[in-house]
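The structure appears right after this line, and notes come after that.
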Amino acid sequence: MSGIVLPLAIDIHPGEHPEWHAFGMTFNADTIWCSLIAGAIVLVMGFVLRGALTKRSEDHVPSKLQILWEAVVGQVQTQVEDNLGRVHPFVVPLAVALFFFILIANWLEMIPSQINEHHREVLVAPTADTNLTYAMAILAIVGVWIYGIREKGVKGYFSHFLQPYPVLLPLNILEELVKPITLALRLFGNIFAGGIMLGLIAGLVSWKIGAFPFGGILAVLGDILWKLFDMAIGVIQAFIFSLLTVLYFGMAGAGHGGDDHVENAEHQHGDHTPKTPELAA
């Protein structure tokens, strides 16, 4: 065992952030600047796509970018209408924007951004901070409530808390209050755990294993494979957050027979799980 030299510790800092202090409050600096970067990338993508979609070509042939974007939005629109019926036109663009923002935020940590060995990564996944995930979840749910009240009126919207039986009022209220918590923690937990695993696997690269001459190469390959897996998790979590947001808007705007769309979709796909999106996810 004398040929094996292991490090005393792997230097990772889960849950620690550089902080800014102002007005008696503490702000996680890396979460703020990475959220701004992700938002800026989404805005740039939007302006570039808008320019490409509105560009007039002499042969009137749509560009590849236009075909791709229309295919994505059209597929989302089809899935929403098949499962929830026709919803407000702003719901699909909101879901697409949420998906790309969360996806880019999840993938930021894949970019090597360590200035030197004594500094943490400059680019981190801001979705690994509950401050961002709670903020997004609360804004989404508050938007759902406002949309439901505008569509049905105050009495019409809040009457669904008495369905199917008035005695279930406390449980229905609790379910509504739990929605933003589970929406936020699901995204946070998966991305936070992925960041820890990336830190652990990256630490293996510094191990000097004398008994295994290819140990360093294997560690690097493991890091690459985990990054690919973590990227896939980032896509899935962005999709789930966006999908649940769309479902909440669809359920909030549904009329007295609105739930029939959900039930019909479940029967078409052979799904007999509970209609509550939290349980289905």
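The values are calculated or read from the model by the stated rules, or taken from the named source; none is laboratory data. Bear in mind that the values here come from a model prediction, so they are computed numbers and not experimental data. Virtual Cβ from ideal backbone geometry, glycine too; neighbours counted across all protein chains shown. Areas reflect the complete protein model, heavy atoms only, side chains present, ligands, DNA and RNA absent. Shrake-Rupley method; radii C 1.70, N 1.55, O 1.52, S 1.80 Å.
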Checking the structure you have, find out if any residue of segment 141-148 is over 16 Å from His88 (Cβ atoms) and open to solvent by 70 Å² or more (accessible area, probe 1.4 Å).
no
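So, of the residues in segment 101-116 that are surrounded by 18 or more Cβ atoms within 10 Å (Cβ to Cβ) and among the hydrophobic types (A, V, I, L, M, F, W, C), which turns out to be modelled with the lowest pLDDT?
Leu108
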What number goes with the only condition from (1) part of a helix (DSSP H, G or I); (2) modelled with pLDDT of 50 or more; (3) open to solvent by less than 70 Å² (accessible area, probe 1.4 Å) that Ala265 does not pass?
(2)
I'd like to check something: does segment 161-183 contain any residue that is within 21 Å of Ile233 (Cβ to Cβ), in a helix (DSSP H, G or I), open to solvent by less than 50 Å² (accessible area, probe 1.4 Å) and at pLDDT 90 or above?
yes
How do the pairs read when you match residues in segment 76-99 that are more than 14 Å from Phe249 (Cα to Cα) and crowded, with 16+ Cβ neighbours inside 10 Å with residues anywhere that are at pLDDT below 85 and not hydrophobic (A, V, I, L, M, F, W, C), using Cβ under 8 Å and keeping only pairs 6 or more apart or on different chains?
Ala97/Gly46
